[in-house]
Structures are given as C-alpha cells and as structure tokens.
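For reference, the structure is listed below as structure tokens.
The values are calculated or read from the model by the stated rules, or taken from the named source; none is laboratory data. Since we're looking at a predicted model, the values are computed, not measured. Note that we place each Cβ from the backbone using ideal geometry, even for glycine, and neighbour counts take in every protein chain shown.
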C-alpha cells in the first residue's frame with residue numbers, strides 16, 4: 001500500500017477531522033497528508049487568491065507543492081462557520097496566514113470556502129476556494145433582523 005493510500009485509509013471519520021488534517025498538513029507542508037484529504041474525483045477544484053481555477057488532483061498537488069517549497073507559511077483556521085448535512089458539508093473559514101520573511105512574520109488573512117462530500121473512504125474535500133481577506137474580516141456581517149408589525 002502506498003503512503004498516500006495508507007493516509008487515506010486512516011484519515012478521520014468526521015468532516016471536522018478531515019478539515020483538521022487538511023490544515024495540519026498545510027502547516028507542516030506535508031503534501032501527501034494534504035492530498036489524502038481530497039476526494040479521488042476528476043472534477044475536484046481549488047482556487048487560490050488571485051489564481052486560476054485548478055481542476056483535478058494533479059493540478060492541485062502541483063500548486064500546493066510549489067507553495068510548500070517556495071515559502072514559509074503558517075496557516076491557522078479561525079472563525080469557522082458550518083453547514084453540514086448527511087452527505088455534504090460547506091465550511092466558511094477565515095484563515096490567518098503568517099508568512100515568515102527575513103524581517104519576521106507578516107500576517108495576512110484569507111477567506112476560504114471548503115466543500116466536503118461523504119465518500120466510501122470517509123469525508124473528503126472536493127473544493128477549496130480562497131479569496132483575499134483583511135484584518136477587519138474578523139467580524140461577520142449578518143442581516144439585521146426585521147421587525148414585522
């Protein structure tokens with residue numbers, strides 16, 4: 001059994017465990033562990049801030065490989081909002097990214113939408129879409145309740 005198959009077969013049983021594995025793999029620049037979080041589907045996709053839509057596991061792996069090898073990042077998920085159902089889960093996550101530079105860490109924020117499907121192998125990521133965020137994105141904006149008379 002390959003390393004990726006071993007990781008995939010032992011990945012957690014809940015969507016929260018899969019998401020935790022995904023972010024842990026990103027923190028540790030562990031491409032095999034991160035890829036084990038993805039569904040084995042042709043149409044999985046990933047969009048990084050300002051980047052093109054990456055479709056398929058090969059394109060996603062290449063992009064994260066390049067990201068892991070070219071910089072020192074520390075990514076922390078914050079403020080997760082969840083819509084979970086029996087077979088699909090959508091998580092809106094504010095990611096705090098500390099980029100290690102020669103002058104020290106620089107903080108940035110990204111807003112991510114992670115979509116998970118429940119597969120025969122457990123919960124797997126099918127879409128990861130990120131947009132640039134800002135420090136003020138720490139507050140959620142909700143529609144004010146309207147009073148009906």
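Do you know which residues across the stretch 45-54 are farther than 16 Å from residue 18 by Cβ, touching a helix residue (DSSP H, G or I) at 6+ places or on another chain (Cβ under 8 Å) and in contact (Cβ under 8 Å) with a residue 12 or more places away in the chain?
Passing the criteria: 45, 48, 51.
Please count how many residues of the stretch 39-54 are assigned to a loop (DSSP other than H, G, I, E, B) and within 15 Å of residue 131 (Cα to Cα).
Matching residues across the stretch 39-54 total 5.
Would you pick out the residues in the stretch 23-38 that are at pLDDT 95 or above, under 11 Å from the mean Cα position of the chain (by Cα) and either surrounded by fewer than 16 Cβ atoms within 10 Å (Cβ to Cβ) or in a strand (DSSP E or B) (or both)?
38
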